[in-house]
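S.K.: I have a structure I would like to understand better, so I am pasting it below and will then ask my questions one at a time.
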Amino acid sequence: MIGSGAISSIAIALMKAKWRQTMVAAMGVMFGITMFVTLLSFMTGLNKMLDGLILNRTPHIRIYNEMKATIKQPIIRARVTETHFIHSIRPKSSFTNLRNSGAILRNLDNDKRVLAVTPRVSSQVFYSIGRTNFGGSLQGVDVLKEDKYFHLNDYITRGNLRDLVSVPNSIIIGKGIADLLLVDVGDQLDVKMPDGRVRSMKIVGFFQSGIKDIDKVLSYTSYKSLQTLMDVPSDHFTEIYVNLHDRSIAPAMALELADMFDTDTEDIVRANAQFETGTKIRSIISYSVGITLLIVAGFGIYNILNMLIYEKMDTIAILKAMGYSGSDVKRIFSIISVSIGLVEVLQV
């Protein structure tokens, strides 16, 4: 068997002898690898971007109190033998705030499965400037936690989310509201509650979610400011957002919390059922495209190297006539192939 030094020298000499063919082969390998990496990276990045747009703004579990009809009517509880027919059942008269919210928050704070707990207050309001007013929704949030765990500040186009803490009676409104009312940062906006209570609030920023219908109605303030505006106690919350260390246990834990606290809950899987289906389909497409590109690139590289060998059949014949064995010839062309591949991978 010929020494490794001689084999390497012959491989380098063959690459230099017909450097143009070597460059064409190298460019073919580079194109195949580049397209594989580029398209697979594009699909992966697109999936992560779409996941972030939804999942960053959606809690793993949402605890709330939904207004609904009373399941057990008084007539059902009565022990009577007659048959009664109940028509036009009305929802029971109850507030949408969570009962015993303080106990719920303390329990969740002590739960090792929970990463973060964020209480919220929400109310229907009317935005008013002069004679112009229209309905919308005002969300009172824990500003620091909202910024840390739900990335709300990423959607602020002007101003800063933390201004809601430092500026009293401040509000961040949707870009659609600003366009309709022709207001700017620093202006005063009258916010009217359903019971007629009105407060003038200072606009400290705009946010833009990318969904026009949301940007035309939704605004944010600190939950303490909204509690004061609604004239409710400090433990009045309408929703609690819960993020977990392990998102996969959200469906089971949501049922557990609903039974424990006698409230309504919604987990991230149920809230985004269509989105989860879309994510699975996009993942399947990504893997399919990646595998297809890899196979196509592999066959392209094989064809290029195969043609390179056929063009050097006379060189192979001379090498064998000089006493080189078949394994030596294979080693020579393996070195050429590996050299081309390594150079192109490093360039990519």
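S.K.: Give the percent of DSSP beta bridges with both residues in segment 135-292 that are antiparallel, rounded to the nearest 5. Show your work: numbers first, answer last.
M.R.: Working: 10 of 20 bridges.
So the antiparallel bridges amount to about 50 percent of the total.
S.K.: Something else about it: Take the alpha-carbon centre of segment 234-260, take the same for segment 121-159, and report the distance between them in whole Å.
M.R.: 23
S.K.: Another question, then. Among LEU255, LEU98, which comes first, then next, by fewest other beta-carbon atoms within 10 Å?
M.R.: Working: LEU255 13, LEU98 24.
Ordered by Cβ neighbours within 10 Å, fewest first: LEU255, LEU98.
S.K.: Compute from the Cα atoms of segment 228-318 the Rg and the Dmax, the latter being the longest Cα-Cα distance, and quote both in angstrom.
M.R.: Cα only, segment 228-318: 29.1, 97 Å (Rg, Dmax).
S.K.: State which entries of LYS212/LYS280; LYS175/LYS212; LYS175/LYS202; LYS112/LYS145; LYS145/LYS212; LYS148/LYS224 exceed 20 angstrom in Cα-Cα distance in the structure shown. All intermediate terms of the calculation are to be shown ahead of the outcome.
M.R.: Numbers: LYS212/LYS280 27 Å; LYS175/LYS212 9 Å; LYS175/LYS202 15 Å; LYS112/LYS145 18 Å; LYS145/LYS212 25 Å; LYS148/LYS224 18 Å.
Going by Cα-Cα distance, LYS212/LYS280; LYS145/LYS212 fall outside the 20 Å limit.
S.K.: With a 10 Å Cβ neighbour count serving as the proxy for reagent exposure, in which order, fewest first, do ARG331, ARG57 appear?
M.R.: ARG57, ARG331
S.K.: Can you list which of the trypsin sites (Lys or Arg not before Pro) found in segment 131-222 are DSSP loop residues with at most 12 other C-beta atoms within 10 Å? Spell out each step's value before the answer.
M.R.: On the way: sites: ARG131, LYS145, LYS148, ARG158, ARG162, LYS175, LYS192, ARG197, ARG199, LYS202, LYS212, LYS216; in loops: ARG131, ARG162, ARG197, LYS216.
Passing sites in segment 131-222 are ARG131, ARG197.
S.K.: Can you classify segment 126-270 as rounded, prolate or oblate using the Cα gyration tensor, where a ≥ b ≥ c are the square roots of its eigenvalues, rounded means a/c under 1.5, and otherwise it's prolate if a/b beats b/c and oblate if not?
M.R.: prolate
S.K.: Taking the Cβ-Cβ separation of TYR287 and LYS192 as r and a Förster radius of 56 Å, what is the calculated FRET efficiency to the nearest 0.05?
M.R.: 0.60
S.K.: If we count other beta carbons within 10 Å of each Cβ, what is the order of TYR287, TYR324, fewest first? If you can, show how the numbers build up before the last one.
M.R.: Working: TYR287 12, TYR324 19.
Ascending Cβ contact count within 10 Å gives the list TYR287, TYR324.
S.K.: Using r as the Cβ-Cβ distance of SER128 and ASP154, and R0 as 35 Å, what FRET efficiency do you calculate, to the nearest 0.05? Walk me through the numbers before you get to the answer.
M.R.: Numbers: r = 29 Å, r/R0 = 0.84.
Between SER128 and ASP154 the formula returns 0.75.
S.K.: What full-extension length gain, to one decimal in nm, is calculated for GLU256 and ASP111 as 0.36 nm per residue of separation minus the Cα-Cα distance?
M.R.: Details: separation 145, 0.36 × 145 = 52.20 nm, distance 1.26 nm.
Once the chain is fully extended between GLU256 and ASP111, it gains 50.9 nm.
S.K.: Separate question: Counting only other residues whose beta carbon sits under 10 Å from that of TYR64, what net charge do I get with K and R as +1, D and E as -1? Please list the in-between numbers first.
M.R.: Working: positive: ARG62, ARG120; negative: GLU66, GLU239, ASP264, GLU266.
Summing Lys/Arg as +1 and Asp/Glu as -1 gives -2.
Each reported figure results from applying straightforward, stated rules to the coordinates on display, with no laboratory input. It should be emphasised that the depicted structure is a prediction, and the values quoted were computed from it without experimental measurement. No Cβ is skipped: glycine too gets one built from the backbone with ideal geometry, and neighbour counts run over all protein chains shown.
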